[in-house]
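Shown next, in structure tokens, is the structure this report addresses.
Values quoted throughout were computed directly from the atomic coordinates according to the rules given, and no laboratory measurement underlies them. Since this is a predicted model, take the numbers as computed values, not measurements. As a convention, Cβ positions derive from the backbone with ideal geometry for all residues, glycine included, and neighbour counts pool all protein chains shown.
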Amino acid sequence: MLRRLLAIMLAIVITIILVGFFLPRQFTIQRSLLIEQPPEVIFAVLNDMRHFNQWSPWYARDPDAGYRVEGPAQGVGSTLVWSDENGSGAGRLQIVESRPFEAIDLQMELGDTEADTFYQLEPGSEGTRVTWGMRVEFGTFDLTGRYIGLMLPGMIGKDYREGLERLASYLEQAGGQVPEVPPVSADETLSSAGDD
């Protein structure tokens, strides 16, 4: 009986491993929303890390995490850094490429995990379709990562959707203009607060 139970358990483990090798190594998670604002206004906000916490779904949930902007406030090199001892831990989000009014590519680091994230802007007659997405690639033998990848669309997708809705609301409050850069609180050390 014990031998049969061990054989069944071994078969399950082998099946999980074999299935893992057939799961995709790359995942792209993205959500889009039509925002009734011109692309230059949306781009200006997305390209300036000082605005990020005004519409970020994560800041809304945990405003006590330590946030700061490093490097230039806008464009390539602008980096949002955070430290959250009670939640996600430390992380970085850095703009690595910025194509005015079209797209912004970012590199995100969460602990030992890295991912490419992006914003894409598609102007139309009724506004601008904004896409927020992430590309993740797992190593050949990272079977745990591949299984986690199956859950990412549900986990990250809802946050991206919420963030885009918050972005639309933030822009709407500014009446079609680029909102003023938010004031810096004592908790948000913006090392580039004077740069525009």
Normalised by the empirical 2.2 N^0.38 Å for globular proteins, what value does the Cα Rg of the chain take? 1.23
Modelled label-to-label distance, Arg161 and Leu5, 7 Å Cα→beta-carbon offset: nm? 4.3 nm
For the stretch 110-121, just list the computed ³J(HN,Hα) in residue order, Karplus coefficients 6.51, -1.76 and 1.60, θ = phi - 60°, integers in Hz, with x standing in for Gly and Pro. 10, x, 8, 9, 10, 8, 8, 10, 7, 10, 10, 10
Under 15 Å from the Cβ of Pro24, count the other residues' Cβ atoms, weight Lys and Arg +1, Asp and Glu -1, and hand me the total. +1
Arrange the peptides 44-51, 91-98 so that the one whose residues have, on average, the most other Cβ atoms within 10 Å appears first. 44-51, 91-98
The stretch 16-49 and the stretch 128-181 have their Cα centres apart by a whole-number Å value of 5 Å
Counting other beta carbons within 10 Å of each Cβ, put Phe118, Phe141 in order, fewest first. Phe141, Phe118
Quick note on Asp142, Asp64, Asp112, ordering by fewest other C-beta atoms within 10 Å, gives Asp112, Asp64, Asp142
What number, in percent, do you get for the relative contact order of the chain if the mean sequence gap of Cα pairs under 8 Å and at least 6 apart is divided by its residue count? 30 percent
Apply the Karplus curve 6.51 cos²θ - 1.76 cosθ + 1.60, θ = phi - 60°, to the phi angles in the stretch 34-49 and return the couplings in whole Hz, x for Gly and Pro. 7, 10, 7, 9, x, x, 5, 6, 4, 4, 4, 6, 5, 7, 10, 4
Pick from Ala115, Ala174, Ala73 the residue whose mean-square fluctuation is largest in a GNM of the chain, springs joining Cα atoms under 10 Å. Ala174
Based on other C-beta atoms within 10 Å, arrange Glu172, Glu109 from fewest to most. Glu172, Glu109
By the C-alpha gyration tensor axes a ≥ b ≥ c (rounded if a/c is under 1.5, else prolate when a/b exceeds b/c, else oblate), the shape of the stretch 58-155 is oblate
